[in-house]
Amino acid sequence: MTDKSLDDRALHFSGVASRLRRLDASILLWLALIAVLAFLVLNPILRLIISSLQETDTGHFTFANYRVAYGNIRHLQALVNSLELGIGVALLATLFAVPIAWAISRTDMPGKAFVRLMVFAAFVTPPYLGAIGWILLAGPNSGWLNKVWMALTGAEHGIFNIYSMTGLILVVAVTSFPYTFVFTSSALDLVSSEMEDAANILGARTLRTTLRITLPLVTPAIIGGIIISFLEAIALFGAPALIALPARFNVVSTQLWQFFEYPVRVEEAAAYAMPLLAITVLMFWLQRSLLGRKGYTSVTGKGGERRMIALGPWRWVMLGYALFVCALSVFLPMVVLLQAAFAKAWGRGFSLDNLTFHNFYYLLVEQTQAKQTILNTFVYSAVTAFAAISLTLAIAYVVSRKLVPWSNVLAFLCVAPFVVPGIVLAIGFYAAYASPPLALYGTATILILGFTTRFLPIAYTSSAAGLRSINPEMEEAVRILGGGRLLAIRKVLIPLLKKSLAGAWILVFIPATRELSAAIFLVGPNTRVISVMLFDLSEEGNFEVLSALGVILLIATVAIAAIGSKMIGRDFMLRRD
Amino acid sequence: MFTIRRRNFILGSSALVALGTGPKVSAQAAASMTPHEKELYDAAKKEGELTWYTAHSDDITSQALGRSFESLYPGIKVNVLRTTAQVAYQRITQEIKASAIQCDVLSSTDLGHSVELKAKGAFEKYIPENSSKVLDIYKGYDPDGYYFVTSAGLIGIGYNTAKVKEADAPKNWTDLLDPRWNNNIALGHPGFSGYVGTWALTLRNQYGWDFFEKLAKNNPRVGRSINDTVTMLNAGESAVAGSGPAATLLESVRKGNPLAMVYPTDGSVLIIAPSSIMKGCKHPNAARLFMEFLMSPGASQIWVDHFTESIRPEVPASKIAKPAKDLKIIRPTVAEITKGVPEVIKQWRETFGA
Amino acid sequence: MSRLKLSGVSKRYGDFFAVDTIDLELQSGEFVSLLGPSGCGKTTTLRMIAGFVDPTAGIIEMDGQVLSSPAGSVPPDRRQMSMIFQSYAIWPNMTVQQNVAFGLELRRMPNAEVKRRVGEMLEVVHMNHLADRYPAELSGGQQQRVALARAIVIRPSVLLLDEPLSNLDATLREEMRFEIRRLHDEFRVTTVYVTHDQAEAMVTSDRIAVMNHGRIDQVDHPRALYNKPKTRFVAGFIGRTNFIEGTSDGHEISFDGFALPRSAFGRDVPSQGKAVFSVRPHSMRLSDVPPTARDGCTSVAVIVLERAFLGEHWDYVVKPREGALTLKVTTSPLDDFPIGAPAWLEFEPRQMASIA
């Protein structure tokens, strides 16, 4: 081997041709990922926007859909109602979540493990199931709470009426406050006690310190929680259908449903859905501008120790408040749901002769679809979780290691679906893929694809966070010893990320099992999921069977999540053991 | 362990039959099948299953019908999808638009839907053998053979006997306007339920829309399905079911709930509910066989067991439910339904707010 | 009356004494450091003074009033003290102005007054032009100044500092040492300063309390600590030193390989028996000139074993010709003795500290 040939080879390697070849590989990768994201995210949203401007049947350009959608005062009223609902839920959820998060993260309140478990139970409960529980509790004439009130005071009427905007806000807030709780407590866990000590020694007592120092330090987390609660609330379909309709008001999601009645008006539905999109975008812009240039994390790394504040007798007050919120979100609805699940006729109340296993028997043995539905739900949710995590992990890797140009576009597309309410996304998916050429209507595929897109933002945020915690030097160590990038990923990155990925998997799996708004438009007769079946059952008032199905859903989800958490040594809030 | 009730007995025995005693039963079934049915059955067996969208009855009754069909014709699985009429219609139109027909047999409670879908060419023409054997009042709705009446139900006024004495209960539709029923009336929603749509149309014809304006003042609790009203009565949430479905209500009574049925003096509303085979469906032979089944005495017996009308003269009404022929009946014509129900839905939303 | 007084203060965790019977008194305006290695109990002591931790024994008094005792304590927010934390604990969501104003606003001072005092204070720490910045926009040294300003502006009775300079680089540390002392002098605040860095303690303090395993070994002015350490630990912790053991027979003290006349020492040298001395490396001189009779018998013949040139001085390791003892010696950069060369080591017994 002469030196010259070595030189030639070196020259060849650094030549333009091979540089182009390497560029090809990264461009191909970028194109592949873009294609997937375009399919999942861009196309449905674009189809939605285009549909809104098209005339039914002819496809001509028109603004008529917007006129119809917004020319009607009742439609506008529904939009206003949605905003009211969103704001109410955001505020109430914050009121529930923040004190509890503070108590658990920073004080010596007793019973923390129990309260955390209850918050988890609230997280797992779908809002429409909570709605049914609350209907059983606070129906104006028949709710248990009202009956107790009437018995105690001899009044003729109850005092709680769940069929009202207030009732709806309560029902949604008690199942969505866990999001705010998780964000806030994670952020609070990172605040050094020295921040509070500094205020303390300058003369501020516990309450003032908490309000002026501790909580403002986690403002981004709280605002994040507010935004998520707001967006969830305006996009919900199940709980409003159960409570708002009998209360004789509409929200955007129930109104959208009407556009799919006879005759079907997808284009008007699309036009009507646009403001939801606009509101969501506005929310995010607001968040950005509110937080601005203030920093929120401790500027130095040292001294980050966190000590619990001793509350003295006040810790019982905090526990009382936490238990009150848990009662509203878990105990009370669970009790009535269990009563109905084991009742022959739930209206007959708590009596031994009203007890039966028949509802479960009916579901698991007699009713032919129930078993398949239950299986569908967990299989689809699991597949969705795997798909979402795999895809977003790949994209997060590419973005964080800057493997392709304009990688931020990929990241943006992953997070974009967050902006689209579930029901609107489903309509977009339906518009894009239900008909030929793909003809995915009624298949499991369209459902899984829709769900995957819906949960891309959560999956991406978790994957990216997990990746951020791993120092790239770990992989570089492998590569400098001669291993390729893929080897480094397989042998170093994935094992290190196992726990964080499993946590992310659970964060996608659980909401997927309870998802109704997106499912209701995408299920076919063979791909029904539990949420849709619960909704259908609620239509014929079979609360006994419905409660039994709800109980099955809850038990199974909790079991899976508990097993998962045990395996990875973290709970769903991604705290370390 | 469980109280063996007649319904459970039927279901149980159907299950047993389906599970264990196959050949013997199929021999029996084969013996009672007409040659036409046998021909259909042989073809249907190859298809293996059937998807049925039904709004005709509650889930339990629908399941009972499905199980009965399966036991009579082993080898054909029935996927029962029970929803309200509007929801079923939505799903059908979605499937048509997507050119992906999943439904084989559609049983709707809104005759207007059938007329419209027939006009669109969504149905397959098939005249069941049994269609000539049903009661006269259920014959001849579509001479072209695209849809047939397979079920009928009565709507009256229901009330909770624990809250309302028989003497005080409303006797007629107009009694519902009495202010003493304020906050205590349960209704379904015509935007969801075909039954309620036709009921509202009938009363509009009878009394004018003014009736509903006044009814709205009594603050009724509006659900979705017509069966929601029975739930409200059971719960004690409402004392009176303004649109009370006889079948569901009497089922509930049988379960032990304190309810009673009133057949209004001006007339009970009779709902005629049709079934059709979807054009381009995946299991056409099974669908045809199912249509025969729906109009068979066996099916009518199940209807009667669940307090719905029998459509076959051979099958008498139950002892508890009053059959249509013994009552004063009011109902709109098919043309009125087709045009009127969408109108009524609109008016309802304006009057009731949602 | 002393400003701050700790009497018999202890903090026990199970069987472990983090702080073991501390007695300390500070006069008004004094600057005292708690100096020691990590785990010696200095931070715990500081936190007890602040009121974040209660003592398990002993009392802490200020101006005659009991602040902490095992029976109960005045909470930190009522002690009129201030504290600088290791992480500065500047609130990142508030501007410099807002951070510094916080304590004043809590005292219900009128807005105009608050503004004035904050402005003055920022002027003093040279941060006036950055009043509207957020902490994330400041350098380490600047954040440190904000912490100081915030603590001092309320005119605390006692200022507590917990290793405030450990996050800064060497030059900044030197600069801030002087800053802290300057501010102390300007405002005459009674100050307790915790550190493990003896240079910091020496530069800033009026007195230093050297702590070891929860106890105070010695409290003294820096010079006294350095020149007259009372225990081995103090001698070894403050600056470098040589420990040499000798036996006294009344006339002279015999060490390993040489002897020194007792008359050359100071008064506190035992007349009989064992005596341990701390001998600072720079308190001895190396010379290549043998001693004359006039110089007295405090010179010893040695051989140079190792040496290192550090620019500002030479570090030598030498050994007396007889015996196994090695000694570290520091000389001026001009004293160049090659390895293996013979030399004369001259002691100055008055600078040798007798260790108990």
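The table below lists the values:
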read-out: Single unsatisfied condition, B:Lys165 versus (1) more than 14 Å from chain A (Cβ to nearest Cβ); (2) outside any helix (DSSP H, G or I); (3) surrounded by 24 or more Cβ atoms within 10 Å (Cβ to Cβ); value: (3)
read-out: Residue in segment C:163-181 that is of a type in the set (Phe, Trp, Tyr), touching a residue at least 24 places away in the same chain (Cβ under 8 Å) and under 25 Å from C:Pro229 (Cβ atoms) present; value: no
read-out: Subset of segment A:149-208 [more than 12 Å from chain C (Cβ to nearest Cβ) and touching a strand residue (DSSP E or B) at 6+ places or on another chain (Cβ under 8 Å)]; value: A:Tyr163
read-out: Test: residue in segment C:296-303 that is free of Cβ contacts under 8 Å to residues at least 40 places away in the same chain and surrounded by fewer than 17 Cβ atoms within 10 Å (Cβ to Cβ); value: yes
read-out: Evaluation of A:Asn146 against (1) crowded, with 22+ Cβ neighbours inside 10 Å; (2) more than 14 Å from every other protein chain (Cβ to nearest Cβ) (one fails), failing number; value: (2)
read-out: Members of segment C:55-88 found to be surrounded by fewer than 18 Cβ atoms within 10 Å (Cβ to Cβ), away from chain A (no Cβ under 11 Å) and over 19 Å from C:Thr190 (Cβ atoms), listed by number; value: C:Thr56, C:Ala57, C:Ser69, C:Pro70, C:Ala71, C:Gly72
read-out: Filtered residue count, segment B:37-62, keeping only those that are closer than 24 Å to B:Arg224 by Cα, in contact with a Gly (Cβ under 8 Å, 6 or more places away or on another chain) and in a helix (DSSP H, G or I); value: 0
read-out: Among the candidates C:Leu325, C:Leu305, C:Leu334, residue that is more than 27 Å from the chain's Cα centre (by Cα) and assigned to a strand (DSSP E or B); value: C:Leu305
read-out: Elements of type strands (runs of 3 or more DSSP E) in segment B:204-278, at least 2 residues being away from chain A (no Cβ under 14 Å); value: B:259-262, B:268-278
read-out: A:Lys344 of a type in the set (D, E, K, R), more than 17 Å from A:Pro457 (Cβ to Cβ) and either crowded, with 21+ Cβ neighbours inside 10 Å or away from every other protein chain (no Cβ under 14 Å) (or both); value: no
read-out: Criterion: surrounded by fewer than 17 Cβ atoms within 10 Å (Cβ to Cβ), within 33 Å of the chain's Cα centre (by Cα) and polar (S, T, N, Q) - qualifying residue of C:Ser248, C:Ser271; value: C:Ser271
read-out: Set A:Thr209, A:Thr125: member being buried (at least 24 other Cβ atoms within 10 Å of the Cβ) and of a type in the set (Ser, Thr, Tyr); value: A:Thr125
read-out: Residue list for segment B:311-347, filter: assigned by TED's automatic domain parsing to the domain that holds B:Ser131 and touching a Pro at 6+ places or on another chain (Cβ under 7 Å); value: B:Arg312, B:Glu314, B:Val315, B:Ala317
read-out: Filtered residues of segment B:101-115 (kept if more than 8 Å from B:Gly194 (Cβ to Cβ), at the interface with another protein chain (Cβ under 8 Å from one of its Cβ atoms) and buried (at least 24 other Cβ atoms within 10 Å of the Cβ)); value: B:Cys103
read-out: Unmet requirement for A:Leu152, which otherwise passes all of (1) surrounded by fewer than 22 Cβ atoms within 10 Å (Cβ to Cβ); (2) modelled with pLDDT of 90 or more; value: (2)
read-out: Complete set of residues in segment B:187-203 that are part of a helix (DSSP H, G or I) and either without any contact (Cβ under 8 Å) to a residue 40 or more places away in the chain or under 14 Å from the mean Cα position of the chain (by Cα) (or both); value: B:Gly194, B:Tyr195, B:Val196, B:Gly197, B:Thr198, B:Trp199
read-out: Residue satisfying condition, being within 14 Å of another protein chain (Cβ to nearest Cβ), farther than 30 Å from A:His75 by Cβ and in contact with a Gly (Cβ under 9 Å, 6 or more places away or on another chain), within set B:His306, B:His283; value: B:His283
read-out: Those residues of segment A:375-390 which are more than 14 Å from every other protein chain (Cβ to nearest Cβ) and crowded, with 21+ Cβ neighbours inside 10 Å, in sequence order; value: A:Thr377, A:Tyr380, A:Ser381, A:Thr384, A:Ala385, A:Ala388, A:Ile389
read-out: Looking only at segment A:347-374, and only at residues there that are surrounded by fewer than 17 Cβ atoms within 10 Å (Cβ to Cβ) and not in a helix (DSSP H, G or I), the one that is nearest to the other protein chains (Cβ to nearest Cβ); value: A:Phe357
read-out: Residues of segment C:206-230 that turn out to be surrounded by 15 or more Cβ atoms within 10 Å (Cβ to Cβ), outside any helix (DSSP H, G or I) and modelled with pLDDT of 90 or more, as a count; value: 15
read-out: For C:Arg155: the one exception among (1) in contact with a Phe, Trp or Tyr (Cβ under 8 Å, 6 or more places away or on another chain); (2) more than 17 Å from C:Ser87 (Cα to Cα); (3) surrounded by 19 or more Cβ atoms within 10 Å (Cβ to Cβ); (4) within 14 Å of chain A (Cβ to nearest Cβ); value: (3)
read-out: From A:Leu231, A:Leu242, residue being within 14 Å of another protein chain (Cβ to nearest Cβ) and either surrounded by fewer than 21 Cβ atoms within 10 Å (Cβ to Cβ) or touching a helix residue (DSSP H, G or I) at 6+ places or on another chain (Cβ under 7 Å) (or both); value: A:Leu242
read-out: Top-ranked residue of segment A:533-565 - restricted to ones that are hydroxyl-bearing (Ser, Thr, Tyr) and over 21 Å from the mean Cα position of the chain (by Cα), ranked as nearest to A:Gly130 (Cα to Cα); value: A:Ser547
read-out: Of the criteria (1) on the phi > 0 side of the Ramachandran plot; (2) modelled with pLDDT under 90; (3) away from chain A (no Cβ under 14 Å), which one C:Thr171 fails; value: (1)
read-out: In segment B:72-84, the residues that are more than 9 Å from chain A (Cβ to nearest Cβ) and buried (at least 20 other Cβ atoms within 10 Å of the Cβ); value: B:Leu72, B:Tyr73, B:Ile76
read-out: Those residues of segment C:246-277 which are polar (S, T, N, Q) and without any contact (Cβ under 8 Å) to a residue 24 or more places away in the chain, in sequence order; value: C:Ser254, C:Ser263, C:Ser271
read-out: Any hit, segment A:308-327, residues being modelled with pLDDT under 80, over 30 Å from B:Val115 (Cα atoms) and more than 14 Å from chain C (Cβ to nearest Cβ); value: no
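Every residue, every condition in (1) assigned to a helix (DSSP H, G or I); (2) farther than 17 Å from A:Leu236 by Cα; (3) at pLDDT 85 or above, yes or no:
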| residue | (1), (2), (3) |
| --- | --- |
| A:Ala426 | yes, no, no |
| A:Ala432 | yes, yes, no |
| A:Pro437 | no, yes, no |
| A:Thr445 | yes, yes, yes |
| A:Ile448 | yes, yes, yes |
| A:Leu456 | yes, yes, yes |
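The values are calculated or read from the model by the stated rules, or taken from the named source; none is laboratory data. Only a predicted model underlies this, so the values are computations on that prediction, with no experimental measurement involved. Counting neighbours? That spans all protein chains shown, and the Cβs are built from the backbone with ideal geometry, glycine included.
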